[in-house]
1. Anything in the range 27-55 that is more than 19 Å from T68 (Cα to Cα), out of contact with any strand residue (DSSP E or B) (no Cβ under 9 Å at 6 or more places or on another chain) and either without any contact (Cβ under 8 Å) to a residue 60 or more places away in the chain or among the basic types (K, R) (or both)? List them, or say none.
2. For residues in the range 26-44 being buried (at least 18 other Cβ atoms within 10 Å of the Cβ) and not in a loop (DSSP other than H, G, I, E, B), which is nearest to the chain's Cα centre (by Cα)?
3. Regarding the range 71-85, can at least one residue be identified that is touching a helix residue (DSSP H, G or I) at 6+ places or on another chain (Cβ under 7 Å), open to solvent by less than 40 Å² (accessible area, probe 1.4 Å) and under 16 Å from R45 (Cβ atoms)?
4. Go through the range 1-25 and give me each residue that's over 13 Å from V112 (Cα atoms), part of a loop (DSSP other than H, G, I, E, B) and open to solvent by 60 Å² or more (accessible area, probe 1.4 Å).
5. Hey, can you tell me all the residues within the range 48-58 that are more than 14 Å from the chain's Cα centre (by Cα) and either open to solvent by less than 30 Å² (accessible area, probe 1.4 Å) or hydroxyl-bearing (S, T, Y) (or both)?
Amino acid sequence: QVQLVESGGGLVQPGGSLRLSCAASGITFSLYTMGWYRQAPGKQRELVASITSIGRTNYADSVSGRFTISRDNAKNTVYLQMNSLKTEDTAVYYCNAASARLAPYWGQGTQVTVSS
């Protein structure tokens, strides 16, 4: 049974930081491209950042320079360090595990709210 469990969301003021974590089980974690997506109310889900099995990263333009994705294969965990948060970063953040051969897996999501 595959599980992706996100944690670390919450309420933060503009300019603040949060670190999201996603713990994976039931997959060979090191072989998967891991990603963080987000979905704001009334908007489509969008890719925030991804990291391949060999550590290559990709970021949405809106978060480049502020967010950092990383992974720890020994802990089967992917992280998203979010700095200089803006109100427009408010969304539910989802963890994603993708491979070339199988349908992607999704976590249940964690709410991030940026507000003063």
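1. T28, G42, Q44
2. Result: W36.
3. No, the conditions are met nowhere in the range 71-85.
4. Residues of the range 1-25 over 13 Å from V112 (Cα atoms): 1-5, 15, 22-25.
With the extra rule that they be part of a loop (DSSP other than H, G, I, E, B), the set shrinks to 1-2, 15.
Correct list: Q1 only.
5. As a first pass, look at the range 48-58 and keep what is more than 14 Å from the chain's Cα centre (by Cα): 53-56.
Correct list: S53 only.
This table checks each residue for (1) at pLDDT 95 or above; (2) farther than 15 Å from G9 by Cβ; (3) surrounded by 15 or more Cβ atoms within 10 Å (Cβ to Cβ).
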residue: E46; (1), (2), (3): yes, yes, no
residue: A60; (1), (2), (3): yes, yes, yes
residue: A103; (1), (2), (3): no, yes, no
residue: Q111; (1), (2), (3): yes, no, no
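The values are calculated or read from the model by the stated rules, or taken from the named source; none is laboratory data. Worth saying up front: this structure is predicted, and the values here are computed from it rather than measured. Neighbour counts are summed over all protein chains in view; Cβ atoms, including those assigned to glycine, are modelled from backbone coordinates with ideal geometry. We work out accessible area using only protein heavy atoms, side chains counted, and drop any ligands, DNA or RNA first. Shrake-Rupley method; radii C 1.70, N 1.55, O 1.52, S 1.80 Å.
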